[in-house]
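Undergrad: For reference, the structure I am asking about is given below.
The values are calculated or read from the model by the stated rules, or taken from the named source; none is laboratory data. These numbers come from a predicted model, not from an experiment. Here the Cβ positions follow ideal geometry from the backbone for every residue, glycine too, while neighbour counts run over all protein chains shown. Please note that ligands, DNA and RNA were not included when accessible areas were found on the heavy atoms of the full protein model with its side chains. Shrake-Rupley method; radii C 1.70, N 1.55, O 1.52, S 1.80 Å.
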Amino acid sequence: MEDQQKIAILKNLIRIRSVNGNEAAVAEYLASLFRKYPAAKIEKINYSPGRDNLVVTIGGTAGKMLGFSGHLDVVAAGRLTDWQHDPFDPWITDGKLFGRGAADMKGGLAALVVAMLELLENQVELPGQIRLLASVGEETGEYGAAQLTDKGYADQLDGLVIAEPSVNMEDIIYTTRGVIDYRITSIGKTAHSARPQFGINTIDNLLICLSEIRKAFAKFDQTDPILGPITHNVTQIKGGEQVNSIPSYAEMTGNIRTIPQYPNRVFFAEFERILKQLNAQEKFKLAISYMYPQEAVLGRADSELIKTAQTVYQTIWQHPAKITGGLGSNDSAEFIRAKKKFDYLKISPGSYTSHQSNEYIKLDVYLKAIKFYQRLAMEFLKQ
């Protein structure tokens, strides 16, 4: 396949506006690329209207199976005035391709897909199988990967390569922090602000709750040598009716990034204890809900998959990659729930511009990434 064809596939992906939805259009476009090859097994798994996961399996029935993972959705473009051009009409400047999703992660997804297409085009006899797991909803909760895992599509994997941004293919990531997104609501009673004794101030109650949470979380002070400490941030606070009324409703959302030393259940237990203690007091009515929490993924820096990736990397880039950890969660947190244990890694031709305006990917890195994924698959499968 010519380089311009490989770049055209990436451009076509970016043109599809799959902002937190509409992944079915992306899945159909990718499926259309594989349909000319009878050896490719193509499956669409519907999540909800307009949202399809895509699974494509190539290779024989014997040997190992390597998973290629990429998500089909992108985040919103934000203010269009912050972009040099239309974020869904990709453009190239100084060897960089710009557009929403270029780095996160249609660039990585396209590289995985092109790597598979070239293997099919050249009729390469694989010593095993490659399975593309293209998922919906990664940006808002990894629920596409959860569906694929529940349906058994990861049960045969012997290894998994995730093309989430690791910045210009410079890092091979084997462990990642987990995530807990939560929302705490506070119900009270409105009253005139001149007579607050007749009301129940929900914002005050939330602030008391937040103070208790921060005191409780202070004991989680271990630091992972690769991932660092946990982080906890309150990211949204809403509430109140107007400036001279006691607020009868308020809510806050928060984000915790967890490490393997502290499974998510320890945070759930603290939240339960704090809310139970406060709700036992007069005038408190607090409730908590969670949005797709994910456990930290503890990988192995010395796994065969990582060793193979490092060897292949050095043949292409002529220097070693950095073996490290990732601060953000990804679909691996769902796929590792599969029946069989396997190692995983994350590496991608992305950039630091994920979720930013004028997001981009370097085209020379993108083209090298395709070669990397192909060689990694061949070397890993024949072991």
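Undergrad: State the label only: which of (1) 67, 47, 37; (2) 79, 43, 38; (3) 72, 46, 42 corresponds to Cα extents along the principal axes in Å computed from the shown model?
TA: Recomputing Cα extents along the principal axes in Å here picks out (2).
Undergrad: Between ARG195 and ARG183, what is the label-point separation in nm under the 7 Å Cα-to-beta-carbon projection?
TA: Reported label-point gap for ARG183 and ARG195 is 3.3 nm.
Undergrad: Taking the dipole about the Cα centre of the chain, with the C-beta of Lys and Arg at +1 and of Asp and Glu at -1, give me whichever of ILE200, PRO225, ILE45 is farthest to the positive side.
TA: ILE200
Undergrad: Where nothing but the Cβ of Lys and Arg (+1) and of Asp and Glu (-1) is charged, how large is the charge dipole of segment 37-81 around its Cα centre, in debye to the nearest 20?
TA: 60
Undergrad: If you bin every alpha carbon distance in segment 68-114 into 5 Å steps from zero, what whole percent lands in each bin?
TA: Percent of Cα pairs in each bin: 5, 21, 26, 25, 15, 6, 2, 0.
Undergrad: Can you give me the C-alpha center-to-center distance between segment 238-269 and segment 273-352, rounded to a whole angstrom?
TA: Segment 238-269 and segment 273-352 have Cα centres spaced 22 Å from each other.
Undergrad: Then there's this: If you look at just the Cα atoms of segment 264-309, how large are its Rg and its Dmax in Å?
TA: Considering segment 264-309 through its Cα atoms, Rg and Dmax are 19.0, 61 Å.
Undergrad: Sticking with this one: If a helix is a whole DSSP H run, which ones in the chain reach 15 Å or further along their own axis (Cα) and hold a mean Kyte-Doolittle hydropathy of at least -0.5?
TA: 3-15, 23-34, 107-121, 202-217, 264-279, 304-317, 363-381
Undergrad: Also, quick follow-up: Mind checking the dipole of segment 6-87: about its Cα centre, +1 per Lys or Arg Cβ, -1 per Asp or Glu Cβ, Debye to the nearest 20?
TA: About 300 debye.
Undergrad: Using the charge dipole of the chain (Lys, Arg: +1 at Cβ; Asp, Glu: -1 at Cβ; taken about the Cα centre), state which of ALA77, PRO247, GLN4 has its Cα farthest towards the positive end.
TA: Projecting each Cα onto the dipole axis, the largest value belongs to PRO247.
Undergrad: Compute the signed sum of charges (Lys and Arg +1, Asp and Glu -1) over the other residues within less than 13 Å, Cβ to Cβ, of ALA31.
TA: Overall, the nearby charge balance is 0.
Undergrad: Here's something else I'd like to know. Considering only the chain, what is the antiparallel percent among its DSSP beta bridges, to the nearest 5?
TA: Around 70 percent of the beta bridges assigned by DSSP in the chain are antiparallel ones.
Undergrad: Ignoring any ligand, DNA or RNA, what whole percent of the accessible area of segment 138-271 comes from carbon and sulfur when the probe is 1.4 angstrom?
TA: Its accessible area is 50 percent carbon and sulfur atoms.
Undergrad: I'd like the distance separating the alpha-carbon centroids of segment 5-50 and segment 111-183, in whole Å.
TA: With segment 5-50 and segment 111-183 each reduced to a Cα centre, they are spaced 15 Å.
Undergrad: Of ALA216, GLY325, GLN261, which is farthest on the positive side of the dipole of segment 206-334, counting Cα position, with +1 on Lys and Arg Cβ, -1 on Asp and Glu Cβ, and the Cα centre as origin?
TA: Final value for the positive-end residue is ALA216.
Undergrad: Can you give the translational diffusion coefficient of segment 26-140 in µm²/s, computed by Stokes-Einstein from the Kirkwood radius over Cα pairs at 4 °C and 1.567 mPa s?
TA: 83
Undergrad: Which whole-number percentage describes the relative contact order of segment 110-213, with Cα contacts under 8 Å and a sequence gap of 6 or more?
TA: Relative contact order comes out at 11 percent.
Undergrad: Picking from ASP89, ASP204, ASP52, which is most flexible by a Gaussian network model of the chain using Cα springs under 10 Å?
TA: The residue with the greatest mean-square fluctuation here is ASP204.
Undergrad: Sticking with this one: Determine the principal axes of the Cα atoms in segment 119-195, then give the extent along each, sorted from largest to smallest and rounded to whole angstroms.
TA: Between the extreme Cα coordinates on each principal axis of segment 119-195 lie 79, 33, 23 Å.
Undergrad: Whose amide H sits under 5 Å from the amide H of ASN358, counting only residues 5 or more places off or on another chain, with H placed in the peptide plane?
TA: Answer set, sorted by chain and number: GLN84.
Undergrad: So how strong a dipole does the chain carry about its Cα centre when Lys and Arg Cβ are +1 and Asp and Glu Cβ are -1, to the nearest 20 debye?
TA: Computed charge dipole of the chain: roughly 580 debye.
Undergrad: Please report the base-10 log of the normalised intensity I(q)/I(0) for segment 270-383, using a Debye sum with one equal scatterer per alpha carbon and no solvent, at each q in 0.14 (1/Å).
TA: Listed by q, the Debye log ratios stand at -0.77.
Undergrad: Once you order the gyration tensor axes a ≥ b ≥ c over the Cα atoms, which shape class does segment 185-308 get: rounded for a/c under 1.5, otherwise prolate or oblate by comparing a/b with b/c?
TA: Taking the square roots of the gyration eigenvalues as a ≥ b ≥ c, segment 185-308 is prolate.
Undergrad: Quick check on my link table: of LYS11/LYS151; LYS11/LYS44; LYS36/LYS339; LYS307/LYS368, which ones sit more than 25 Å apart, alpha carbon to alpha carbon?
TA: LYS11/LYS151; LYS36/LYS339
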